[in-house]
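The values are calculated or read from the model by the stated rules, or taken from the named source; none is laboratory data. The shown structure was predicted, so the numbers you read here are calculated from the model rather than taken from an experiment. Quick reminder, even Gly has a Cβ in these numbers, built from the backbone with ideal geometry, and neighbours come from all protein chains shown.
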Amino acid sequence: MSLQPSTTTSWQEQVADKRKRLQTLIPPEWTIAPVPDEQVNVLDVPQTCGLLTDRELEITDTPDVTVLLQKLAKAEWSAVEVTTAFSKRAIIAHQVVNCLTEIFIDRALQRAAELDAYLKEHGTVMGPLHGLPVSLKDQFPIKGLETTMGYAAWIGKVAEDDAVLVQLLLRAGAVLFVRTNVPQTLMWGETYNNVFGRTLNPYNRTLTPGGSSGGESALISMHGSPLGVGSDIGGSIRVPSHFCGLYGFKPSSHRMPSYGIVNSLDGQDSIPTAIGPLTVSLSGVIAFVRGILNLEPWRYCPATIPKPWSQDDYSLRNRNGGKNLCFGIMWDEGSVKPHPPILRALTETKNALEAAGHKVIEWKSLRHSEYIAVARSIWLSDGSEDYNSCLTTGEPLINSMVPDADPNDIPAFRIPRQPLTAYQLWQLNKEKKALRKAHLDRWEATAAETGTGRPIDALICPVAPYAAVPHGQTRSSIYTVIWNTLDCPGLVVPVTKVDPAVDTKPVREVFWSEEDRVVYDMYDPEIYKGVPVGVQIVGPTLQEEVVLGVGEVVDAALRSA
């Protein structure tokens, strides 16, 4: 990348200029009337603001990515009109939840016109994602555009090349049109930084959409994009998907191409970042993963494992074609009890699977605190040198996501530690290796309980102990970090919404930990009313296709129920 920031202006002036430049990219005719602050749910704003035509609403309200792709392939909808519709809706979403960091609609429309011309000339699509608008987390450089990743010091950084994933998305026929907001440092379960400010949850703007892919989840839940790409090192795809009612998928860390992305803790490869999609439908997840793998990403990204898409694994050929499966279910991880809506979503999933003829057995938490401790120690092993190296303009490090927080109020899990020696880091890696082996042995041992002759086909568990929380109240992402430490793929499937009449607060006098007490005290059914709740489906390392195939079984069972 080339770096051309001003060296004479303050970081606040650079931020003001960046925000002004972003605002000028919004077409004046796409500006909507301000939505009152007291209107917390803004999901209906695209339908009521008067900006979108009936056809544009039909396009953007399409609930299945496969349907979009089919209509684009048949030229029933042109790539230009689909791109225009989602671009307008993305701009609407941004005006009410503050989700965008880069807007490049003119470039997108030119690309869409080229795709339409290609389809007309050749009678076939350019690739498996032909004409599909795809949004990107503000981590994926696109040639000629800035990538700030929420750091004031990175304003003015202009990409000289596309990230590998961007190159492959273009080869697949996708139309890239916006990038979305992230938290400063990325290592947060919320989305706020000094450059672009705070992103809000469209279901309730007093709540967070999650992080670090929170700009993506907020945008997609308003149907401002049918599919977006995020990253996940501790839950950054799965938690936002859960908070905003989306399907989200974290593959194993080296299955999708990561070369060329910008990142926090860049170079730390003990628990690597995984790249994956957030989208409105499970078909969108599958289309993305299959489409990218079929382009052989390992030929362009040296870290990507050369493992082609396996249709046999996806169709569950070695698992009785998806009939009479056996699932494990983990109700909690042992130290923090989930809120009532989370437990109800797990119960509904279990009941739906059993009604569909599948078996569900208990999976008790074991050594999960060790997984969390290892992950935290690895991420903090540099003594915060990585964060500090990105704050070269005087911009302060954000220590709390609480609005108007005291800058000296630092949560325990964010307190800097002394940097580790290389030898100490090696010992953590040895511990992680032993934990992964113990987990694998335990998974394989379930073959004695399943009745299928094989281990459990997948594990169902919470994504978080709560649904979307008020800004500043997220805790450590313990329910997702476990699977990053083990490098297991995890899929989030939406199940239900919080219902205060059903999800009443239980009386508890005994708590498993101080964190358990804090999370219990957070719960007020009225605060969480109407927000989405999902479950997480986990499989063994590098069995992405199996997890997606099993995910279809779970999703179908829930829909039938």
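Tabulated values for the structure
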quantity	calculated
Members of region 225-277 found to be hydrophobic (A, V, I, L, M, F, W, C), in contact with a helix residue (DSSP H, G or I) (Cβ under 7 Å, 6 or more places away or on another chain), assigned to a loop (DSSP other than H, G, I, E, B) and within 20 Å of Val97 (Cα to Cα), listed by number	Leu246
Residue within region 367-390 that is closer than 27 Å to Thr496 by Cα and surrounded by 15 or more Cβ atoms within 10 Å (Cβ to Cβ) present	yes
Subset of region 526-561 [polar (S, T, N, Q) and within 17 Å of Phe327 (Cβ to Cβ)]	Gln536, Gln543, Ser560
Where Glu38 falls short, out of the listed (1) surrounded by 13 or more Cβ atoms within 10 Å (Cβ to Cβ); (2) closer than 23 Å to Phe196 by Cα; (3) of a type in the set (D, E, K, R)	(1)
Any hit, region 433-442, residues being part of a loop (DSSP other than H, G, I, E, B), touching a residue at least 40 places away in the same chain (Cβ under 8 Å) and not assigned by TED's automatic domain parsing to the domain that holds Leu282	no
Any pair with Cβ under 8 angstrom, 6 or more apart, that starts in region 118-135 at a residue that is on the phi > 0 side of the Ramachandran plot and ends at one that is outside any helix (DSSP H, G or I) and β-branched (Val, Ile, Thr)	Gly131/Val125; Gly131/Val175
For Leu72: the one exception among (1) touching a residue at least 24 places away in the same chain (Cβ under 8 Å); (2) surrounded by fewer than 19 Cβ atoms within 10 Å (Cβ to Cβ)	(2)
Complete set of residues in region 186-204 that are more than 14 Å from Gln473 (Cα to Cα) and either without any contact (Cβ under 8 Å) to a residue 24 or more places away in the chain or of a type in the set (Ser, Thr, Tyr) (or both)	Thr199, Tyr203
Selected residue (criterion: surrounded by the most Cβ atoms within 10 Å (Cβ to Cβ)) from residues of region 453-507 that are among the aliphatic types (A, V, I, L, M) and in a helix (DSSP H, G or I)	Ile482
Test: Val35 is part of a loop (DSSP other than H, G, I, E, B) and in contact with a strand residue (DSSP E or B) (Cβ under 9 Å, 6 or more places away or on another chain)	no
Checklist (1) surrounded by 15 or more Cβ atoms within 10 Å (Cβ to Cβ); (2) outside any loop (DSSP other than H, G, I, E, B); (3) touching a residue at least 40 places away in the same chain (Cβ under 8 Å) applied to Pro141, failing item	(2)
Region 192-224, residues that are closer than 15 Å to Val96 by Cα, assigned to a loop (DSSP other than H, G, I, E, B) and in contact with a helix residue (DSSP H, G or I) (Cβ under 9 Å, 6 or more places away or on another chain)	Phe196, Thr199, Leu200, Pro202, Tyr203, Arg205, Thr208, Pro209, Met222, His223, Gly224
Hits in region 304-331 - residues which are in a loop (DSSP other than H, G, I, E, B), surrounded by fewer than 20 Cβ atoms within 10 Å (Cβ to Cβ) and of a type in the set (S, T, N, Q)	Ser310, Ser315, Asn324
Checklist (1) within 19 Å of Val134 (Cα to Cα); (2) surrounded by fewer than 24 Cβ atoms within 10 Å (Cβ to Cβ) applied to Gly248, failing item	(2)
Out of Leu186, Leu165, Leu176, sole residue that is part of a helix (DSSP H, G or I) and aliphatic (A, V, I, L, M)	Leu165
From Pro489, Pro525, residue being out of contact with any His (no Cβ under 6 Å at 6 or more places or on another chain) and over 22 Å from Met256 (Cβ atoms)	Pro525
Condition broken by Asp516, with the remaining ones in (1) part of a loop (DSSP other than H, G, I, E, B); (2) within 30 Å of Met401 (Cβ to Cβ); (3) more than 19 Å from the chain's Cα centre (by Cα) satisfied	(1)
Residues being among the polar types (S, T, N, Q) and within 26 Å of Val125 (Cα to Cα) - total across region 267-304	4
Subset tally (residues that are among the charged types (D, E, K, R), in contact with a Ser or Thr (Cβ under 9 Å, 6 or more places away or on another chain) and within 20 Å of Leu170 (Cα to Cα)) for region 46-87	1
Test for Thr480: is it farther than 20 Å from Asp232 by Cα and either of a type in the set (Ser, Thr, Tyr) or touching a helix residue (DSSP H, G or I) at 6+ places or on another chain (Cβ under 7 Å) (or both)	no
Selection count where residues are among the hydrophobic types (A, V, I, L, M, F, W, C), in contact (Cβ under 8 Å) with a residue 40 or more places away in the chain and either farther than 30 Å from Asn204 by Cβ or outside any helix (DSSP H, G or I) (or both), scope region 78-107	5
Output for region 332-363, where each listed residue is part of a loop (DSSP other than H, G, I, E, B) and not hydroxyl-bearing (Ser, Thr, Tyr)	Asp332, Glu333, Gly334, Val336, Lys337, Pro338, His339, Ala356, Gly357, His358, Trp363
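Okay, residues lined up against (1) surrounded by 24 or more Cβ atoms within 10 Å (Cβ to Cβ); (2) out of contact with any helix residue (DSSP H, G or I) (no Cβ under 7 Å at 6 or more places or on another chain):
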| position | (1), (2) |
| --- | --- |
| Leu119 | no, yes |
| Ala152 | yes, no |
| Ala163 | yes, yes |
| Gln167 | no, yes |
| Thr180 | yes, no |
